[in-house]
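Below is one structure, written out as structure tokens, with a few remarks after it.
The values are calculated or read from the model by the stated rules, or taken from the named source; none is laboratory data. Because the structure is a prediction, the values reported are computed rather than measured. Cβ coordinates were reconstructed from backbone atoms using ideal geometry, including for glycine residues, and neighbour counts include every protein chain displayed. Ligands, DNA and RNA are stripped out before the accessible areas are found, and what is left, the full protein with its side chains, is counted by its heavy atoms. Shrake-Rupley method; radii C 1.70, N 1.55, O 1.52, S 1.80 Å.
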Amino acid sequence: MNASLLAQFAREAREQMIGSYLGTPQWYPPVLAVSYARDRYLVAVLETPGPFCYLGRQSPFEGAHAPVRMDRLAGAEIQNVSCPEGNRVLQIDVVTRGREWLTLSIVLFGSAG
């Protein structure tokens, strides 16, 4: 996913995701799936033929778990979705239930993100 395509994706994701609440991230290397709203997912595939990400209505897998440190994202409200100019990093800014500001950065470069 090149920087221009990612910037366009970030704009579209921002429109759909801001104000939604994250579910518990699911991680099954090399795929990260994060639910938002009720029936929508942000999916990042972090290896060849990627890395790339997309929004969908189905999780690519069920029953996978993310590292414990990602539990803090569950229930967090999405404040912004962005891609720093010329960069291949998707950033999701959230406020957790404990009112802590966090940024989930999904790095989409190299042969493996």
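Against the list (1) surrounded by 17 or more Cβ atoms within 10 Å (Cβ to Cβ); (2) touching a residue at least 24 places away in the same chain (Cβ under 8 Å); (3) assigned to a strand (DSSP E or B); (4) not aliphatic (A, V, I, L, M), the condition residue 80 fails is (1).
Out of the residues in the stretch 21-44 meeting the condition of being free of Cβ contacts under 8 Å to residues at least 24 places away in the same chain and not hydroxyl-bearing (Ser, Thr, Tyr), tell me which one is nearest to residue 77 (Cα to Cα). Checking each candidate, the answer is 37. With the requirement that a residue be modelled with pLDDT under 85 and assigned to a loop (DSSP other than H, G, I, E, B), what does the stretch 59-77 give you? Selection gives 59, 60, 61, 62, 63, 64, 65, 66, 67. Every residue in the stretch 37-77 that is under 12 Å from residue 13 (Cβ atoms) and open to solvent by 60 Å² or more (accessible area, probe 1.4 Å), please. The answer is 40, 54. Here the stretch 20-36 is the region considered, the condition is being in a strand (DSSP E or B) and over 25 Å from residue 2 (Cβ atoms), and the residue that is least open to solvent (accessible area, probe 1.4 Å) is 22.
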